[in-house]
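First up is the structure itself, then whatever we jot down about it.
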Amino acid sequence: MSEPAEPAEPQGSTARPPVLEKEPGPPPEPPAERTGRAHRFWSARRRPAGLVALLLLALTGLFLYDIVAVRADRPGMSWRRELARQLARRSLDDTWVLVGAGIAAALGLWLLLLALTPGLRSVLPMRRTRPDVRAGLHRDAAATVLRDRAVEVAGVQSAKVRTRRSKVKVRAVSHFRELDDVRADLDTALGDTVRGLGLARQPRLSVKVRRPGRKG
């Protein structure tokens, strides 16, 4: 007795591989990222650099003109000859020599200070959640957020906020409620708001409350 023949596959069709299914497991945890330290933003300082460049260009032009004039058998500039005579006559302990040296030293120290400090003190660096992203918050924007939050506290009529890198000063005016209660609510509300700003260096909070018409 002959066995039944297997059904023939249609021409042009290819055999499909079996599909292997895998039970879904927990998603892989993302790799830990090194966020790095949030440093202050560096200022381009275009104005001081432009001012120094203009002064150097002017001085270079004057000395170049004087050298060309002397080489062309013409008298040099009178101010340069007078300056040379004064420097030859005066000693190092002369008052004008000391004043000029002090001004030059002060300008040099100012330029060194600009070169070694980051600047942009009005921008507060924020915490870095990603290593390739940096963010900053302007002081005026932070002060506006804190002031809007302060006037929402019951009893606060008006508020003034000054934001610095290490300290936030809040001066509020309360027209009702006890001052201690208003100050406690401000400490709580503004403390949460400061932490919510996401700053890299959380500033200290200083709150003072007074009645209308009183200073202090």
### Query
Does D73 fit the bill of being of a type in the set (D, E, K, R), surrounded by 11 or more Cβ atoms within 10 Å (Cβ to Cβ) and at pLDDT 80 or above?
no
### Residue within the range 118-139 that is part of a helix (DSSP H, G or I), within 26 Å of R46 (Cα to Cα) and not β-branched (V, I, T) present
yes
### Query
Are any residues in the range 131-153 in contact with an Asp or Glu (Cβ under 7 Å, 6 or more places away or on another chain) and either hydrophobic (A, V, I, L, M, F, W, C) or modelled with pLDDT of 95 or more (or both), and if so, which ones?
V153
### Query
Of all residues in the range 86-119, which are exposed (fewer than 10 other Cβ atoms within 10 Å of the Cβ) and among the charged types (D, E, K, R)?
R89, D93
#### Entry: Tally of residues being touching a helix residue (DSSP H, G or I) at 6+ places or on another chain (Cβ under 9 Å), in a helix (DSSP H, G or I), of a type outside the set (A, V, I, L, M) and modelled with pLDDT under 85 across the range 80-109
2
### Those residues of the range 190-216 which are surrounded by fewer than 16 Cβ atoms within 10 Å (Cβ to Cβ) and either polar (S, T, N, Q) or out of contact with any strand residue (DSSP E or B) (no Cβ under 8 Å at 6 or more places or on another chain) (or both), in sequence order
D192, R195, G196, Q202, S206, G213, R214, K215
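Out of the residues in the range 60-79 that are assigned to a loop (DSSP other than H, G, I, E, B) and either of a type in the set (G, A, S) or in contact (Cβ under 8 Å) with a residue 40 or more places away in the chain (or both), state the one that is farthest from P48 (Cα to Cα). Before the answer, list the steps.
Residues of the range 60-79 that are assigned to a loop (DSSP other than H, G, I, E, B), as a first pass: 72-77.
Adding the requirement that they be either of a type in the set (G, A, S) or in contact (Cβ under 8 Å) with a residue 40 or more places away in the chain (or both) leaves 72, 76.
Numbers: A72: 36, G76: 31 Å.
This residue is A72.
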### Query
Under the condition of being among the hydroxyl-bearing types (S, T, Y) and surrounded by fewer than 14 Cβ atoms within 10 Å (Cβ to Cβ), which residue from the range 154-181 is nearest to L137 (Cα to Cα)?
S166
### Query
When the range 174-216 is examined, which residues are found to be over 12 Å from V156 (Cβ atoms) and part of a helix (DSSP H, G or I)?
D180, A184, D187, T188, G191, D192, T193, V194, R195, G196
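The values are calculated or read from the model by the stated rules, or taken from the named source; none is laboratory data. Fair warning: this is a prediction, and the values are worked out from it, not measured in the lab. Glycine also receives a Cβ, built like all others from the backbone with ideal geometry; neighbour counts cover every protein chain displayed.
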